[in-house]
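For reference, the structure discussed in these notes is given below.
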Amino acid sequence: MAEKRVGRNTIIFSQCPSFVATATTVGKKEGEGPLAKYFDQVIQDPLYGESTWEKAESKMLLEAVQKVLQKANYTFDQIHFMFSGDLLNQLTASSFAAREIPVPFYGLFGACSTFTEGLALGGMAVDGGFAQRVLVGASSHYQTAERQFRYPTELGVQKPPTAQRTVTAAGVVILEQGGPGPYLTAATIGRVIDMGINDPMDMGSAMAPAAVHTIVQHFQDTGRKPDYYDVIVTGDLASVGKNLAEDLLKKEGYDVTDRYTDCGILIYKPDADTQAGGSGCGCSAAVFCSYFYPLLQEGKYQRILLVSTGALMSPTSYQQGETIPAIAHAVAVERDYPDGVG
C-alpha cells in the first residue's frame, strides 16, 4: 500500500476520490455579485419562506443536497456518509437539514474552515475504503451569524473597513471512488494558531497566520512550490487578511502573488458595501462549487490548492476576553489523476 502520510500534516490519497457533482444555493446579495451566473439557485428573501433565518439556512443546505443528487443521478441510498457544518450553536443548520436526509451524518465545526475540513475527512473515508460515496457540505447565512455573533441587524451598527460580511450560501459536493475527476489528491490538516488578536471585526488578521502556516506546511510536506498550482485560493481572508497572508508568505520565502486569490474577495462586487469582503462556512463552499470546480472540469485550471480558514471563537469566549484562535485546512484538487498514484 502506498504511504498516505507525508511530512508532518499532509495526507496524499492513494486512491484519489473523484468529485462527481457540486451544487450551490446563495442569497440575494451574493446573486448580485460577479459570480452570479455560476450559482445553481439564488434566493431573493433571507427568510426563504420560513419563519426564521435559521430555518432558511437549513432549507438552503437541504436544497443544495437535493440538487447535487439530482445532478449526479444518485439517490440517498447510494450515499454512505454526509459531512457538513455551519456557524450556528450545535450545528443546527446542518443537523436540522440532516433530519430530512436519510444518510449517516457527521456534524463538523471548524468555523469557516469547515468545507475543506469536510473534504479532507470525506476524502479519507473514500480513500480508506470506508465509503464508496459521500456528501460534503457547508452553509452560512448573514442574518443568522449577525444574530449569534454580532448585533441585531435592526440596530444598524456601523462596521469598520476590516469587518467582513457573512455569506448567505450553501455548497455541497459528492466525492466517490473511481469517478471521472477532478480528483482530491492531498490534504494538509491545519493546527490552531493564535497570534493574540481579539477584535472580532478583524477576522482576516486573525486567520491569515493560520492560512500561512498551513500553506507553508503543505509546501514543506509535499516538496512542492507555488507554481505546482495554477491558483491558490483562501476561503475567506477577504482583502485585509489576503494582503497580510501574501506578506507573511513572502517572509517565509514563498511569493504567491501571481496565483493567489480569496473567495471572500471574489464573491462580492468591490462596491457592494461588504467592508473587507465575504466570510462564513458557505463562502469557500459556494465559490469552489460554483466557480472553480467548472474551471477544473473545462481544463482552464489543472491544479488548485483550496485553503479554507476559520476563526474558532464564540460569543462567550469573546465576552470573557479571550483572543481569537484560528485554523486552516488545505486540499489539493487536480483535473487529472496524478501519475504514480493508485
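I'd like to know if the range 23-42 contains one or more residues that are in contact with a Cys (Cβ under 7 Å, 6 or more places away or on another chain), outside any helix (DSSP H, G or I) and either modelled with pLDDT of 95 or more or surrounded by fewer than 22 Cβ atoms within 10 Å (Cβ to Cβ) (or both). Taking every residue of the range 23-42 in turn, at least one turns out to be in contact with a Cys (Cβ under 7 Å, 6 or more places away or on another chain), outside any helix (DSSP H, G or I) and either modelled with pLDDT of 95 or more or surrounded by fewer than 22 Cβ atoms within 10 Å (Cβ to Cβ) (or both). Just checking, does the range 49-58 include any residue being surrounded by fewer than 20 Cβ atoms within 10 Å (Cβ to Cβ), farther than 24 Å from residue 333 by Cβ and touching a residue at least 60 places away in the same chain (Cβ under 8 Å)? There is no residue in the range 49-58 that is surrounded by fewer than 20 Cβ atoms within 10 Å (Cβ to Cβ), farther than 24 Å from residue 333 by Cβ and touching a residue at least 60 places away in the same chain (Cβ under 8 Å).
Restricting attention to the range 193-246, the residues being within 23 Å of residue 268 (Cβ to Cβ), out of contact with any strand residue (DSSP E or B) (no Cβ under 8 Å at 6 or more places or on another chain) and free of Cβ contacts under 8 Å to residues at least 24 places away in the same chain number 1. The residues in the range 283-333 that are surrounded by fewer than 22 Cβ atoms within 10 Å (Cβ to Cβ) and either of a type in the set (D, E, K, R) or assigned to a loop (DSSP other than H, G, I, E, B) (or both) can be counted, and the count is 14.
Output the number of residues of the range 36-60 satisfying the condition of being touching a Phe, Trp or Tyr at 6+ places or on another chain (Cβ under 7 Å), under 14 Å from residue 171 (Cα atoms) and not hydroxyl-bearing (Ser, Thr, Tyr). So the count comes out to 2. Taking (1) acidic (Asp, Glu); (2) surrounded by fewer than 18 Cβ atoms within 10 Å (Cβ to Cβ); (3) within 20 Å of the chain's Cα centre (by Cα) in turn, residue 236 satisfies each apart from (2).
Return the residues of the range 125-152 that are surrounded by 19 or more Cβ atoms within 10 Å (Cβ to Cβ), modelled with pLDDT of 95 or more and not small (Gly, Ala, Ser); say none if nothing qualifies.
Residues of the range 125-152 surrounded by 19 or more Cβ atoms within 10 Å (Cβ to Cβ): 125-127, 131, 133-145.
Narrowing further to those that are modelled with pLDDT of 95 or more: 125-127, 131, 133-140.
Once the filter is applied, which keeps residues that are surrounded by 19 or more Cβ atoms within 10 Å (Cβ to Cβ), modelled with pLDDT of 95 or more and not small (Gly, Ala, Ser), the range 125-152 yields 126, 127, 133, 134, 135, 136.
Out of 268, 260, 254, one residue alone is crowded, with 19+ Cβ neighbours inside 10 Å, outside the structural domain of residue 93 (by TED's automatic domain parsing) and free of Cβ contacts under 8 Å to residues at least 40 places away in the same chain. It is 260. A search for C-beta distances below 6 Å between a residue of the range 151-171 that is over 25 Å from residue 35 (Cα atoms) and any residue that is outside any loop (DSSP other than H, G, I, E, B) and modelled with pLDDT under 85, counting only pairs 6+ apart in sequence or on different chains, returns 153/146. The number of residues in the range 19-38 being hydrophobic (A, V, I, L, M, F, W, C), farther than 23 Å from residue 96 by Cα and in contact with a Ser or Thr (Cβ under 7 Å, 6 or more places away or on another chain) comes to 1. Among the residues of the range 97-117, none qualifies, meaning not one is surrounded by fewer than 23 Cβ atoms within 10 Å (Cβ to Cβ), within 19 Å of the chain's Cα centre (by Cα) and at pLDDT below 95.
The values are calculated or read from the model by the stated rules, or taken from the named source; none is laboratory data. What you are looking at is a predicted structure, and each value in this text was computed from that prediction instead of being measured. Counting neighbours? That spans all protein chains shown, and the Cβs are built from the backbone with ideal geometry, glycine included.
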